[in-house]
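The values are calculated or read from the model by the stated rules, or taken from the named source; none is laboratory data. It should be emphasised that the depicted structure is a prediction, and the values quoted were computed from it without experimental measurement. FYI the Cβ positions are ideal-geometry reconstructions off the backbone, even for glycines, and counts take in every protein chain you see.
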Amino acid sequence: MSHETHTPEHQARDRLIVMANQIARFMESKPHAEGLQGLASHINDFWEPRMRRQLFAVLDAGGAGLRPLVREAAPLIRRPLPDAAPPLGSRA
Amino acid sequence: MKDFIIPDRDFGTPAAKSKTMVTLTIDGFEVTVPEGTSIMRAAAEIGISVPKLCATDSVDAFGSCRLCLVEIEGRNGTPASCTTPVAAGLQVHTQTDRLKKLRRGVMELYISDHPLDCLTCSANGDCQLQDMAGAVGLREVRYDAVQTHFRPKNTSGEANPLWTPKDDSNPYFTYDPAKCIVCSRCVRACEEVQGTFALTIEGRGFDSRVSFGAKTDTALTSDCVSCGACVQACPTATLQENSVIQIGTPERSVITTCAYCGVGCSFKAEMRGDEVVRMVPWKHGKANRGHSCVKGRFAWGYATHRDRILKPMIREAISDPWREVSWAEAMAFAAGRMKGIQEKYGRQAVGVITSSRCTNEEAYLVQKLARAVFLNNNTDTCARVCHSPTGYGLGQTFGTSAGTQDFDSVEETDVVMVIGANPVNAHPVFASRLTKRLRQGAKLIVIDPRRTEMVQGPHYKAAHHLALTPGTNVAIISAMAHVIVTEGLMDEGFIRERCDGEAFADYAEFISAPHHAPEAVEALTGVPSAQVRAAARLFATGGNGAIYYGLGVTEHSQGSTTVIAIANLAMLTGNIGRPGVGVNPLRGQNNVQGSCDMGSFPHELPGYRHVKHDDVRAVFERVWGVQIDAEPGLRIPNMLDAAVEGSFKGLYCQGEDILQSDPDTKHVAAGLAAMDCVIVHDLFLNETANYAHVFFPGSSFLEKDGTFTNAERRINRVRKVMAPKQGYADWEVTQMFARAMGADWGYTHPSQIMDEIALTTPSFAGVSYDKLDTLGSVQWPCDDAHPEGTPLMHVDGFVRGKGRFIRTEYVATDERTGPRFPLLLTTGRILSHYNVGAQTRRTANVVWHAEDVLEVHPHDAEVRGIRDGDWVRLASRSGETTLRAVLTDRVSPGVVYTTFHHPETQPNVITTDFSDWATNCPEYKVTAVQVSPSNGPSAWQEQYEEQARLARRIVPAAE
């Protein structure tokens, strides 16, 4: 987690890897299936699509730096649409 | 209590709690009261006020003034009605010739040694001595005041040795011994209500004087914590608020709620016109029961401080000076920028931060602005950096995200466990209630790296202080659970009946593993295993066990895990669902509970319901007429990351100073600096405003209607006592902004917003301003099943059904000491200041704490050549700052401690970007640091100060 030498994108990516691994560390103490589901649900429930998109960028590139449970949970994590958020209905 | 101007009846002695009722006759009227009630109080119940001076219903009867004498048929003499309990069939007379004569004689003696300067006395019109002289019909005083205690000089012009000068050392009240009748009400209030024991009666007989501690002490140098209980108890002008001395007596009072900490004390704002004369704790307030602390009682001057910004301001770039503009121009500018950002970068490029200092109604509107007007879920609140792990941990285990008890519950507690909290400083009014229980004999366990003020106080001492290494909470609490399970001390009946059996079996197996034993974790935690075992046994077997915890639990990489561990411990020992037990997060800010309840988090709508649920969104979509995004939004740290990356460009931040309060200041500054539109809505040009393009001036809690929800889920009314100085209540400002963004909101009173909350949020379904006005307050859930609210939760079953045990494996934080940074920094707060200090620094509270200091253990100081009071450099891998060192053994060797109330110190330059695994709550409580001697401010501090100076320039609007 060195800050000085990295671009903002790298820093954000590193931070996401740390965060995903932290969640994994908690879930690893549970029975495997429960932990796997728990990790995916946690990321689905609390990570904004931009963050999940960045996570998938890491996963798609081989998942370097991620703990095995994160890599294994990838198919259970909701993959966001590639672009910015789709339009919603009109405002009040 | 001087209640003669604005009566709030004083019954003379506290209410008795007995269920057995006793009937007697007073002056021919029959009255039935609980056994143990005094005759004085029984008389008051039927409207007969027996004259009194030393009795007041906030403290126990004392029987010293001899004014409240009564006659009882069949009993000899004239007993004091305050100290004589009722008995069945008594025939009491409160007004007989004999009593009248005796009372007059007593008053005559009092008055003979009292200065008769009533017309110019600060208690004029609000003095019980004056009132009693009238009540007993005193018409003459036969004694000449020759030798007095109130004249500075005697009749020959010599100094009078009995005279003591005024003590005006305290900034908020003055002690004038000349006016004292030595009724001891102040001394008893300090002991019984506050629990500080700062006051005493010095001398004997005619020499008796009220004294702050030793004879050489003043109010300021004594142990006095300036809670105001003595001032409130004083029947004369002896202890008087300086504001009353300066202004005069109030003419009306309005019941409202303090805007400081999460205790949520009810106050009477006593007013003359639109000027606050004093804030007096309201004895019917269910959180504080008539008590207060220095902040709520006295430190409200910030509300009218000259630093308040009263005109909206805008600027093109943060390097420009501010330009004062009309509200209309500010709204048009802000809305134009935010719309432009959304058009260019997408609807997810903007967001909001709701305020834990504003009302529920205001927080609700700000999150509604994000969801219904910005059309995204980018809303977060300062609870992110304090109690978000509480929400997660208690939600997972119990099914709801709040404390389980009311504050009254502490009166029935036998073993109190305080973890990572220092209520004596941070939640002082609750601490007074807690220490009262401890003085009655309840046992105390404190888990804290520092020997806090909680560990030992007047007439109590913790049975166990587990002074653990910062960052090892999970290890220590799991070790306690290990002891309880392996020694068979758990409450099997409770677990069987109330908890998920399968989850318990899994947990029991997990926690029984030898690596959770106190002996196994001793090296990690630094706490002797025997102490952990003894504490666990005490908690499991000592009767009603209650856990109170604070940010020392949540602000860690494993904050959420620790909350879960605490919930596990309460379930293991069956300490849930009745008075005297429970899991009680001590919430930091006045409305942090409420801001969370109101849907401020990016993943959940009001009432803690996830945005992914179609049925939940449908409720709001129907009322709001928009489609709500089903994806969670960005949390504060994620917003800042996205800003640095360039995908998040606009922020509306209400009543929150993230630059000062959030970790890793440089990262926060970089995020803010990368945005195109930062709107700060606040009373003052706070630190975040240095990076803002728009400033909406805010209104104080005295200037608006609304509600705050305290740490016991209690919804209290906030009432407008004066018009907003800058024109609009904060909810009106948010509404103007929403309208400028194209919304058609048309609320005309906050009660309408509460009606909308009740309509959409099941736990608030039964809440309305009418109900709050009738009942005073209610605790959510308040619905058809609980029309008067819910003081205790999980009584018959957990909200989620069965309580769920969850495994809590200890994972060491990545923040570790090493050769460069060998010490661990932990942070906290002090009594006289609140949060980032924006309010309290603008009051006389600075006399107690003018700067943040670094507590260093003498051993660590010695090897670094640091002496007490030296400037030291405090450095971590994130940054460095300088502050003064104080040498103390409150901290263990290897640990240093500071507070975060002053922007000049900026301890958050030091804190890192590590955070709780589940919620991103920052790890404020553990930072590896080095401390070394220094000559003065760091380069960062100087650079920051210069930036702040430039950013605060204002060009006034042309008149």
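Of the residues screened, residue B:481 is not one that is in the same structural domain as residue B:566 (by TED's automatic domain parsing), in a helix (DSSP H, G or I) and at pLDDT below 95. Could you tell me which residue of the range B:378-402 is farthest from the other protein chains (Cβ to nearest Cβ), considering only residues that are in a loop (DSSP other than H, G, I, E, B) and touching a Leu at 6+ places or on another chain (Cβ under 8 Å)? Ranking the qualifying residues of the range B:378-402, first place goes to B:402.
Would you confirm, using the coordinates I've provided, whether residue A:73 is under 12 Å from the mean Cα position of the chain (by Cα), under 15 Å from residue A:19 (Cα atoms) and either of a type outside the set (Ser, Thr, Tyr) or surrounded by 20 or more Cβ atoms within 10 Å (Cβ to Cβ) (or both)? So residue A:73 fits the description; yes. Return yes when residue B:637 is closer than 28 Å to residue B:925 by Cβ and buried (at least 24 other Cβ atoms within 10 Å of the Cβ) and no when it is not. Yes. Is it the case that residue B:73 is free of Cβ contacts under 8 Å to residues at least 12 places away in the same chain and among the charged types (D, E, K, R)? Spelling it out, it is not the case that residue B:73 is free of Cβ contacts under 8 Å to residues at least 12 places away in the same chain and among the charged types (D, E, K, R). Looking only at residues of the range B:893-923 that are in contact with a Pro (Cβ under 6 Å, 6 or more places away or on another chain) and more than 14 Å from every other protein chain (Cβ to nearest Cβ), we find that the one that is farthest from residue B:851 (Cα to Cα) is B:895. In the range B:310-355, the qualifying residues are those that are surrounded by 22 or more Cβ atoms within 10 Å (Cβ to Cβ) and part of a loop (DSSP other than H, G, I, E, B), and the one that is farthest from the other protein chains (Cβ to nearest Cβ) is B:312. Scan the range B:435-478 for residues that are in a helix (DSSP H, G or I) and under 17 Å from residue B:553 (Cα atoms) and the total you get is 6. Report yes if some residue within the range B:612-631 is surrounded by fewer than 23 Cβ atoms within 10 Å (Cβ to Cβ), at positive phi and assigned by TED's automatic domain parsing to the domain that holds residue B:367; otherwise report no. Checked the range B:612-631: at least one residue is surrounded by fewer than 23 Cβ atoms within 10 Å (Cβ to Cβ), at positive phi and assigned by TED's automatic domain parsing to the domain that holds residue B:367. The C-beta contact set for the range B:321-347 (first residue not assigned by TED's automatic domain parsing to the domain that holds residue B:646, second residue part of a helix (DSSP H, G or I) and surrounded by fewer than 18 Cβ atoms within 10 Å (Cβ to Cβ), distance under 6 angstrom, 6+ apart or interchain) is empty.
Report yes if residue B:366 is surrounded by 24 or more Cβ atoms within 10 Å (Cβ to Cβ), of a type outside the set (Gly, Ala, Ser), outside any helix (DSSP H, G or I) and modelled with pLDDT of 95 or more, otherwise no.
Details: surrounded by 24 or more Cβ atoms within 10 Å (Cβ to Cβ): yes; of a type outside the set (Gly, Ala, Ser): yes; outside any helix (DSSP H, G or I): no; modelled with pLDDT of 95 or more: yes.
Criteria not met by residue B:366.
For every residue, the table says whether it meets (1) more than 28 Å from residue B:426 (Cα to Cα); (2) in contact (Cβ under 8 Å) with a residue 60 or more places away in the chain; (3) of a type in the set (Lys, Arg).
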| residue | (1), (2), (3) |
| --- | --- |
| B:189 | no, yes, no |
| B:196 | no, yes, no |
| B:207 | yes, no, no |
| B:214 | no, no, no |
| B:228 | no, yes, no |
| B:236 | yes, yes, no |
| B:251 | yes, yes, no |
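Would the range B:769-781 turn up any residue that is aliphatic (A, V, I, L, M), assigned to a loop (DSSP other than H, G, I, E, B) and over 30 Å from residue B:661 (Cα atoms)? The answer is no, given that none of the residues of the range B:769-781 is aliphatic (A, V, I, L, M), assigned to a loop (DSSP other than H, G, I, E, B) and over 30 Å from residue B:661 (Cα atoms).
Among all positions in the range B:583-599, there is no residue which is touching a Ser or Thr at 6+ places or on another chain (Cβ under 6 Å), assigned to a loop (DSSP other than H, G, I, E, B), within 13 Å of chain A (Cβ to nearest Cβ) and within 30 Å of residue B:477 (Cβ to Cβ).
In the range B:530-551, the condition of being outside the structural domain of residue B:898 (by TED's automatic domain parsing), hydroxyl-bearing (Ser, Thr, Tyr) and within 26 Å of the chain's Cα centre (by Cα) is met by at least one residue.
Matching residues to (1) more than 14 Å from chain A (Cβ to nearest Cβ); (2) part of a helix (DSSP H, G or I); (3) aliphatic (A, V, I, L, M):
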site: B:619; (1), (2), (3): yes, yes, yes
site: B:623; (1), (2), (3): no, yes, yes
site: B:648; (1), (2), (3): no, no, no
site: B:656; (1), (2), (3): yes, no, no
site: B:695; (1), (2), (3): yes, no, no
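Restricting to the range B:419-440, and then to whatever is small (Gly, Ala, Ser) and within 14 Å of the chain's Cα centre (by Cα), can you tell me which residue is modelled with the lowest pLDDT?
Of all residues in the range B:419-440, those small (Gly, Ala, Ser) come to B:420-421, B:426, B:431-432.
From the residues that got through so far, the ones that are within 14 Å of the chain's Cα centre (by Cα) too are B:421, B:426, B:431-432.
Numbers: B:421: 92, B:426: 89, B:431: 95, B:432: 95.
Out of the qualifying residues, it is B:426.
Number of residues in the range B:922-959 that are touching a residue at least 40 places away in the same chain (Cβ under 8 Å), surrounded by fewer than 19 Cβ atoms within 10 Å (Cβ to Cβ) and aliphatic (A, V, I, L, M) equals 5.
Here is the figure for the range B:781-810: residues that are closer than 19 Å to residue B:564 by Cα and among the polar types (S, T, N, Q) total 1. Of the residues making up the range A:8-58, those that are at the interface with chain B (Cβ under 7 Å from one of its Cβ atoms), closer than 23 Å to residue B:516 by Cβ and assigned to a helix (DSSP H, G or I) number 4. Residue-level check: of (1) touching a helix residue (DSSP H, G or I) at 6+ places or on another chain (Cβ under 6 Å); (2) within 14 Å of another protein chain (Cβ to nearest Cβ), residue B:430 misses just (2). Of everything in the range B:370-387, what is under 17 Å from residue B:757 (Cβ atoms) and buried (at least 24 other Cβ atoms within 10 Å of the Cβ)? Give them in sequence order. Matches in the range B:370-387: B:370, B:371, B:379, B:381. None of B:826, B:813 is closer than 30 Å to residue A:14 by Cα and within 14 Å of another protein chain (Cβ to nearest Cβ) except B:813. Residues that are touching a residue at least 24 places away in the same chain (Cβ under 8 Å), within 19 Å of the chain's Cα centre (by Cα), not in a strand (DSSP E or B) and not assigned by TED's automatic domain parsing to the domain that holds residue B:429 are absent from the range B:850-866 altogether. For the range B:96-121, a residue qualifies if it is part of a loop (DSSP other than H, G, I, E, B) and modelled with pLDDT under 95, and the qualifying residues are B:113, B:114, B:115, B:116, B:117.
Is it the case, given these coordinates, that residue B:878 is touching a Cys at 6+ places or on another chain (Cβ under 7 Å), touching a residue at least 40 places away in the same chain (Cβ under 8 Å) and within 14 Å of chain A (Cβ to nearest Cβ)?
Working: touching a Cys at 6+ places or on another chain (Cβ under 7 Å): no; touching a residue at least 40 places away in the same chain (Cβ under 8 Å): yes; within 14 Å of chain A (Cβ to nearest Cβ): yes.
The answer is no for residue B:878.
Annotation note: of B:721, B:733, the sole residue that is in a helix (DSSP H, G or I) and either out of contact with any Gly (no Cβ under 9 Å at 6 or more places or on another chain) or surrounded by 24 or more Cβ atoms within 10 Å (Cβ to Cβ) (or both) is B:733.
Note on the range B:470-499: residues that are closer than 30 Å to residue B:921 by Cβ and in contact with a helix residue (DSSP H, G or I) (Cβ under 6 Å, 6 or more places away or on another chain) amount to 17.
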